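The values are calculated or read from the model by the stated rules, or taken from the named source; none is laboratory data. These numbers were taken from a predicted model, which means no experiment stands behind them. Positions of Cβ are backbone-derived with ideal geometry, glycine not excepted, and every protein chain shown enters the neighbour counts. We work out accessible area using only protein heavy atoms, side chains counted, and drop any ligands, DNA or RNA first. Shrake-Rupley method; radii C 1.70, N 1.55, O 1.52, S 1.80 Å.
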Amino acid sequence: YFIGWTNDKKITNNTTRPTIIDENTPINSDLNLYPVFSNTPTSNQAKWVLLKDISNLKLGDRIVIAASEYDYALSTTQNTNDRARIKITKNQNDSTITLNNDIQIIAIEKGIQEGSFAFNTNKGYLYAASNDKNYLKTKNILDDNGSWNITLNNDTAKIISLGNFTHNLLRYNNASKIFSCYNAQKGNIFIYKETFTSDIPQYTICAQTVS
């Protein structure tokens, strides 16, 4: 269906909504405008899409935790005190990823504290585990240390354990090549959510222009 006009002639099956030119857009020179159409694919193939709005994260969703500045994600390998990394492929300016073997897929569940999330790895819950060490561990029992508050800022995720431990920020450490919990800033985190293509609108233009 028609959604408006754009001056970007390169839009073809793009999942990023283009800038729409309307009567409120300041225009200082002549523009070629292209009609923009949106459609929702009918296939039901899963894609892993960068989470940009925390309100879109629901109980039962599946996610992947990845480094924002590097092509690595949390892996299924639980080291003694942290999680190993695994290589991923980022696509379309980081907006989607391609999964490789051994990437940890996390099921989102309700945390202990109101409004928090639990990260079920299918072998236990991720949790912060120390006041003075950078520990990220997994256990079968869910408690406050495995209950996480998530906020987004410019697409990067701040993931904080709500338990008693002060090393409670889930981060990526490129120097150590691990994901773990820290009490200070380390590498930023992206969250990618499993989304089916039938839920992702695509945008395209036709060749007709208006000047």
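Sorted by average packing, counted as other Cβ atoms within 10 angstrom per residue and highest first, what order do 94-107, 62-75 take?
Numbers: 94-107: 16.4, 62-75: 20.6.
My ranking of the peptides, most packed first, is 62-75, 94-107.
Give, in whole angstrom and from largest to smallest, the semi-axes √(5λ) of the equivalent ellipsoid of the stretch 25-141, with λ running over the eigenvalues of the Cα gyration tensor.
36, 17, 16
Counting Lys and Arg as +1 and Asp and Glu as -1, what is the net charge of the other residues whose Cβ lies under 9 Å from the Cβ of Thr76?
Here the charged neighbours net out to +1.
If you add up the charges near Val64, with Lys and Arg at +1 and Asp and Glu at -1, over every other residue whose beta carbon is less than 10 angstrom from its beta carbon, what do you get?
Around Val64, the surrounding residues sum to +1.
Could you pull out the pairs from Lys90/Lys139; Lys123/Lys177; Lys52/Lys133; Lys87/Lys137 whose alpha carbons sit more than 24 Å apart here?
Checking Cα-Cα distances, Lys90/Lys139; Lys52/Lys133 exceed 24 Å.
On average, how much accessible surface per residue is there in the stretch 44-188, in Å², for a 1.4 Å probe, leaving out ligands, DNA and RNA?
49 Å²
Determine, for each peptide in 27-33, 185-191, 86-92, the mean count of other beta carbons within 10 angstrom over its residues, then list the peptides with the highest first.
185-191, 86-92, 27-33
Starting from the Cα gyration tensor of the stretch 68-118, take the square roots of the eigenvalues, sort them a ≥ b ≥ c, and report rounded, prolate or oblate (rounded when a/c is under 1.5, otherwise prolate if a/b is larger than b/c, else oblate).
oblate
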